[in-house]
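What follows is a set of notes on a single structure, which appears directly below.
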Amino acid sequence: MNESLEALRGEVLDRIQQSNSEMEIEQLRVEVLGRKGKLTLLLRGLADLPAEERPQAGQELNQLRRVVKEHLDERLKVIKEQSKERALEEEKIDITLPGTRWERGRAHPLTLVLDEIIDVFWGMGFEIARGPDIEDDYHNFEALNIPKDHPARDMQDTFFVSNDRVLRTHTSPVQIRTMEARKPPLQVIVPGAVYRHDDDATHSPMFHQVEGFMVDRQISFADLRGVLTHFLRQIFSAETGVRFRPSFFPFTEPSAEVDIQCVICGGKGVVSEGQSCRICKGTGWLEIMGAGMIDPEVFRFVKYDPEKVSGFAFGMGVERIAMLKYSIDDIRLFFQNDLRFLRQFG
Ligand code: PHE
């Protein structure tokens, strides 16, 4: 083999080895073996050689052509193999990596208790109504028989939005709104937020009440007792003692304060030898809600005839019931959104 052919062989094989992409290999193939490739031109040039040199030179050129082709094919195979491996490596999914944890939410304790309360009244045929948090003086006070000079209007308790508008101090205005809009028979509960200027371990400036009322012909105090006793025994326990104490509300007559036997001492008033119960202060009873027969004055405001219809109403604090059910001693825990507290429920 002559020197120039030897040099060409060395150069071409080197460049094949250094190629790193399919494109480079194809370019080399064209450059050396293509129609105008270096080797092709040399083969064509054989015709110009003297006849006796031709067989030898032809053999060497063809041999080189074969070697170059083999190397190109071999290198192409290696390059394809490597790029496949690289792709596999890059696209690898590590299924042993831990996934992203989904935090599981749960209902707020007040929602849990409210749902339970609604459930029991729903079971007795009550429907649910709602009213505005910002009330006018008429619905929050006047029509509930709380005239302008009544002590229940004490500035200390009411948040005023304007002269005539307040943040409702109780859910009772929804009694008025419902009766204004509809005729008896009515059997309604009203869950919702209420607002009072008060803030300590057992009072929050915003808390929740469930109002309830039933209006029809011949509704009596016995109906009130039956409904509330059933309700309280469903919420607390079937054996819970329930008692009605005379009380006063401007919008009910007669009025009562409803008590249950203490959930801590079971009504005994003492927890252990001679130690009086902290929760009921030794009385054995816990005040749980206000109630009474709807005052005839209230019926006159909504243009019902008190000679024809009668009804009862009651109102309870949701936080208070939740606190007694779960032994929570500070109402502020409900509104601090401390997950360590909230995770204990539901
Ligand atoms: N509205 C009263 C309160 O907020 C509760 C109540 C409702 C009492 C209905 C009697 C009848 O304290």
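In square nanometres, what is the average projected area of the Cα convex hull of the stretch 2-90?
One quarter of the hull surface, i.e. the mean projection, equals 5.8 nm².
Averaged across orientations, what area in nm² does the convex hull of the alpha carbons in the stretch 304-346 project?
5.1
Report the FRET efficiency, 1/(1 + (r/R0)^6), for Leu41 and Asp94, where r is their Cβ-Cβ distance and R0 is 51 Å, rounded to 0.05.
Values: r = 54 Å, r/R0 = 1.05.
For R0 = 51 Å, the calculated efficiency reads 0.45.
Relative to the Cα centre, what is the charge dipole magnitude of the stretch 2-90, using +1 at the beta carbon of each Lys and Arg, -1 at the beta carbon of each Asp and Glu, and rounding to the nearest 20 debye? Walk me through the numbers before you get to the answer.
Numbers: 16 positive and 19 negative charges, 76 e Å.
It works out to roughly 360 debye.
Using the per-residue mean of other Cβ atoms lying within 10 Å as a proxy for protection, in what order, highest first, do the peptides 140-152, 171-183 fall?
Most protected by this proxy first, the peptides run 171-183, 140-152.
What is the diffusion coefficient of the chain in µm²/s, taking the Kirkwood radius over Cα pairs and the Stokes-Einstein relation at 25 °C with a viscosity of 0.890 mPa s?
Values: Rh = 27.4 Å.
In µm²/s, the coefficient is 90.
Lys and Arg at +1, Asp and Glu at -1: add these up for the other residues within a Cβ distance under 13 Å of Gly125 and post the number.
Net charge around Gly125: -4.
Whole angstrom only: what separates the Cα centroid of the stretch 169-210 from the Cα centroid of the stretch 90-121?
31
Which pairs in the list Lys38/Lys84; Lys69/Lys92; Lys148/Lys325; Lys36/Lys84; Lys38/Lys80 are over 30 Å apart, alpha-carbon to alpha-carbon?
Violating the 30 Å Cα-Cα cut-off are Lys38/Lys84; Lys69/Lys92; Lys148/Lys325; Lys36/Lys84.
So what is the relative contact order of the chain, in percent, for Cα pairs below 8 Å that sit 6 or more residues apart?
On the way: 488 pairs, mean separation 52.4, N = 346.
Relative contact order for the chain comes out at 15 percent.
Ile331: net charge of surrounding residues, Cβ under 11 Å, Lys/Arg +1, Asp/Glu -1, itself excluded? Show your work: numbers first, answer last.
On the way: positive: Arg320, Arg332; negative: Asp198, Asp199, Asp200, Glu319, Asp329, Asp330.
Charge balance in the 11 Å sphere: -4.
Just flag the GluC sites (Glu not before Pro) in the stretch 291-346 sitting in loop per DSSP whose Cβ has no more than 10 other Cβ atoms within 10 Å.
Answer by residue number: Glu307.
At 222 nm, what value in deg cm²/dmol follows for the chain if DSSP H runs of at least 4 each add -39500 (n - 2.57) and the sum is divided by all its residues, to the nearest 500?
Calculated from helices alone, the mean residue ellipticity at 222 nm is -12000 deg cm²/dmol.
Using every alpha carbon pair in the stretch 120-218, what percent of pairs falls into each 10 Å bin from 0 up to the bin containing the largest distance?
15, 44, 30, 10, 0
What's the extension gain from Asp154 to Leu49 if we count 0.36 nm per residue and subtract their Cα-Cα distance? Don't skip to the answer; put the middle values down first.
Working: separation 105, 0.36 × 105 = 37.80 nm, distance 12.54 nm.
Full extension from Asp154 to Leu49 adds 25.3 nm.
For the stretch 231-236, take each phi angle, set θ = phi - 60°, evaluate the Karplus expression 6.51 cos²θ - 1.76 cosθ + 1.60, and give the result in whole Hz per residue in order, putting x for glycine and proline.
4, 5, 6, 6, 6, 9
In whole Hz and in residue order, list the ³J(HN,Hα) couplings for the stretch 276-292 that follow from phi through the Karplus curve 6.51 cos²θ - 1.76 cosθ + 1.60, θ = phi - 60°; x for Gly and Pro.
Karplus-based 3J(HN,Hα) across the stretch 276-292 equals 6, 5, 6, 6, 9, 6, x, 7, x, 10, 10, 6, 10, 6, x, 7, x Hz.
Modelling each spin label as a point 7 Å along the Cα-to-Cβ direction, I'd like the Ala193/Ser162 distance in nm, to one decimal.
Once both label points are built, they end up 2.1 nm from each other.
Measuring from label point to label point, each 7 Å out along Cα→Cβ, what is the Tyr326 to Asp133 span in nm?
A separation of 2.0 nm, rounded to one decimal place.
Pick out which of Asp164, Asp330, Asp73 has the largest mean-square fluctuation in a Gaussian network model of the chain, springs linking Cα atoms closer than 10 Å.
Asp73
Can you tell me the FRET efficiency between Ala107 and Gln275 if r is taken as the Cβ-Cβ distance and R0 is 35 Å, rounded to the nearest 0.05?
Taking R0 as 35 Å, the efficiency between Ala107 and Gln275 is 0.45.
For the stretch 286-325, list residues with backbone N below 16 Å from a point placed 7 Å from the Cα of Asp115 toward its Cβ?
Answer for this model: 322.
Please order Ser83, Ser162 by the number of other Cβ within 10 Å, starting at the fewest.
Ser162, Ser83
Could you tell me whether the stretch 180-270 comes out rounded, prolate or oblate from its Cα gyration tensor? Rule is a ≥ b ≥ c as square roots of the eigenvalues, rounded for a/c under 1.5, then prolate if a/b exceeds b/c, otherwise oblate. Can you show the working numbers first?
On the way: a/c = 1.90, a/b = 1.19, b/c = 1.60.
In terms of gyration-tensor shape, oblate.
Under a Cβ-only charge scheme (Lys and Arg +1, Asp and Glu -1), can you give me the dipole magnitude of the chain about the Cα centre, in debye to the nearest 20?
The dipole of the chain has a size of about 660 debye.
Can you tally the net charge around Phe236? Count Lys and Arg as +1, Asp and Glu as -1, for every other residue whose Cβ sits under 15 Å from the Cβ of Phe236.
Taking every Cβ under 15 Å from that of Phe236, the sum is -1.
Taking only the C-alpha atoms, wrap a convex hull around the stretch 21-161 and report its volume per residue in Å³ as a whole number.
Spelled out: Cα convex hull of the stretch 21-161, divided by residues, is 330 Å³.
Since every read-out is calculated from the coordinates, none of them should be taken as a lab result. Not measured: the values here are computed from a predicted model. All Cβ positions, glycine included, derive from the backbone under ideal geometry; neighbour counts span all protein chains shown.
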